[in-house]
Ligand SMILES: C[S@@+](CC[C@H](N)C(=O)[O-])C[C@H]1O[C@@H](n2cnc3c(N)ncnc32)[C@H](O)[C@@H]1O
């Protein structure tokens with residue numbers, strides 16, 4: 001029987017959303033590295049790991065990590081690969097409970113041959129900046145920072161993580177707290193370069209997006225291509241907003257995170273609530289024309305850019321899609337509609353706005369305007 005964490009409460013709905021996003025992302029992320037020829041070890045760093053379950057035996061991130069590994073057992077066995085899972089929590093009692101829970105789960109799932117676990121009870125920063133630097137510099141890494149990211153992920157840490165190759169990281173931020181106390185020295189001191197007036201003046205619903213944007217200041221100038229993607233989560237109290245921020249330098253990392261996010265919420269792909277007030281927009285107002293939804297606005301923008309020749313091919317369309325926080329399906333729908341409406345023509349039955357065609361196969365097709 002897994003041991004219960006006597007210190008923890010049941011996870012609330014917002015926590016479940018957070019864990020689902022992590023799990024869905026890992027589910028998309030893992031097969032990329034299992035199938036890749038890249039020989040570096042596949043590593044997951046869950047550095048605020050907790051004890052494994054909440055009070056009601058709902059699985060936390062480390063148990064979910066094992067469940068995803070088990071789901072991909074066939075390809076892991078076929079490619080003879082293992083996943084190295086580093087589990088850390090500052091609380092040594094939690095780590096002892098976690099060790100027992102993980103050993104049991106590994107047995108239950110029969111994944112002993114495909115997972116290697118390592119436990120530590122260290123402060124997060126020591127764990128990253130001292131204990132695991134060697135592994136971090138030599139692996140394909142997914143790092144989950146599930147606590148207090150505003151305090152822990154300061155400029156130095158953000159830049160260290162960004163300097164790592166083939167590394168994606170996700171961190172948690174209590175954005176409402178920053179919104180409520182932007183002038184507190186205790187808040188400001190973690191990020192002296194942030195524009196706290198901007199954070200202060202934003203609407204409470206959008207605060208996590210604005211906090212996320214502030215982290216862009218930390219991107220080193222030599223990093224040319226990167227994505228920093230927010231996902232806002234409203235707590236069940238309907239007052240507090242927190243969220244995840246995903247950081248990646250690889251288009252496939254962004255692509256996979258956005259897929260997970262749009263799976264979580266097909267309305268906006270970046271919150272567990274109606275952050276853009278789309279339901280209202282859909283209904284419209286009797287006297288006013290209906291305003292566009294987030295997907296429709298993106299599709300209209302894409303159409304205009306294609307007609308202006310700013311977007312000339314599927315590669316341009318793919319990168320616009322990622323940069324605007326959308327998925328290939330949204331772009332494809334519009335481009336196919338433009339083809340049906342005889343606004344453009346191209347040499348393929350579909351728009352090829354996806355990673356496989358653009359980056360892997362380098363199959364670039366031009367969208368030509370139809371002369372009227
Ligand atoms: C929100 S819980 C993590 C929950 C876990 N991801 C799960 O899904 O069950 C945050 C954890 O961070 C740990 N923690 C707090 N401060 C820490 C620090 N500075 N370094 C490492 N762990 C810390 C706490 O003991 C707690 O278990």
GNM of the chain, Cα pairs under 10 angstrom: of 156, 97, 147, the biggest fluctuation goes to 156
Put in order of increasing Cβ neighbours within 10 Å, starting from the fewest, 239, 211 give 239, 211
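Please give the calculated 222 nm ellipticity per residue for the chain, where each DSSP H segment of at least 4 residues contributes -39500 (n - 2.57) and the sum is spread over every residue; nearest 500 deg cm²/dmol?
Helix-only estimate at 222 nm: -12500 deg cm²/dmol.
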Inter-part gap, Cα centre of region 309-372 to Cα centre of region 172-190, in whole angstrom, is 41 Å
Listing 336, 238, 114 by rising number of other beta-carbon atoms within 10 angstrom, fewest first, gives 238, 336, 114
quick note, the chain, DSSP beta bridge pairs, % antiparallel (nearest 5) is 45 percent
When the chain is treated as a Gaussian network with springs between alpha carbons less than 10 Å apart, the largest mean-square fluctuation among 246, 260, 90 is found at 90
Once both label points are put 7 Å beyond Cα along the C-beta direction, the residue 9-residue 131 separation in nm becomes 2.8 nm
In degrees, nearest 10, the alpha-carbon axis of helix 251-264 is tilted away from the dominant principal axis of the alpha carbons of the chain by 90 degrees
At the level of C-alpha centres, the distance separating region 59-88 and region 208-254, in angstrom, is 25 Å
Within region 27-144, the percent of DSSP beta bridges that are antiparallel, given to the nearest 5, stands at 5 percent
Length gained if residue 217 through residue 288 is fully extended, taking 0.36 nm per residue and subtracting the Cα-Cα distance, is 21.6 nm
The percentage of Cα-Cα pairs in region 279-369 separated by more than 19 Å is 40 percent
Going fewest to most other Cβ atoms within 10 Å around each Cβ, 367, 25 line up as 367, 25
Among 303, 118, 23, the residue with the largest mean-square fluctuation in a Gaussian network model of the chain built from Cα contacts under 10 Å is 118
Cα-based Rg and Dmax for the chain, in Å, come out at 21.8, 72
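Quick note: the coordinates plus some simple rules give every number you see, no bench work behind them. Model, not experiment: these values are computed from the prediction. Backbone-built Cβ (ideal geometry, glycine too); neighbour counts: all protein chains shown.
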